[in-house]
Amino acid sequence: VLASLPLQMMLYFNVYYFPVWFLAEGMMLQLKYHLLPQHYQFLLVATFLILSLSEGSRLYLGYVGNLQEK
């Protein structure tokens, strides 16, 4: 079984687009943070952190798993 080239290409480009998404989303979060009620502020920050951590781990595990053919 060989590594999947289309998957590797998508992971490669996603690794470069993830920081762009992270910065853009972080800037939008900063701009609208003070306009939201406190419970929405908490939910927005929690969701941002969970999505960022899960996307980073997904990219790492996909990259390593595809190259090691797992």
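If you go through region 60-70 and keep only what is open to solvent by less than 100 Å² (accessible area, probe 1.4 Å) and among the polar types (S, T, N, Q), you end up with just N66. Name the residues in region 20-59 that are of a type outside the set (V, I, T), within 30 Å of E69 (Cα to Cα) and open to solvent by 60 Å² or more (accessible area, probe 1.4 Å), would you? Result: W21, F22, L49, L51, L53, R58.
The residues of region 1-19 that are open to solvent by less than 50 Å² (accessible area, probe 1.4 Å) and under 11 Å from the mean Cα position of the chain (by Cα), listed by number, are N14, F18. Tallying residues that are farther than 14 Å from L61 by Cα and part of a helix (DSSP H, G or I) within region 1-21 yields 10.
The values are calculated or read from the model by the stated rules, or taken from the named source; none is laboratory data. Since this is a predicted model, take the numbers as computed values, not measurements. For the accessible areas, the whole protein counts, side chains as well, though only heavy atoms, and no ligand, DNA or RNA atoms are used. Shrake-Rupley method; radii C 1.70, N 1.55, O 1.52, S 1.80 Å.
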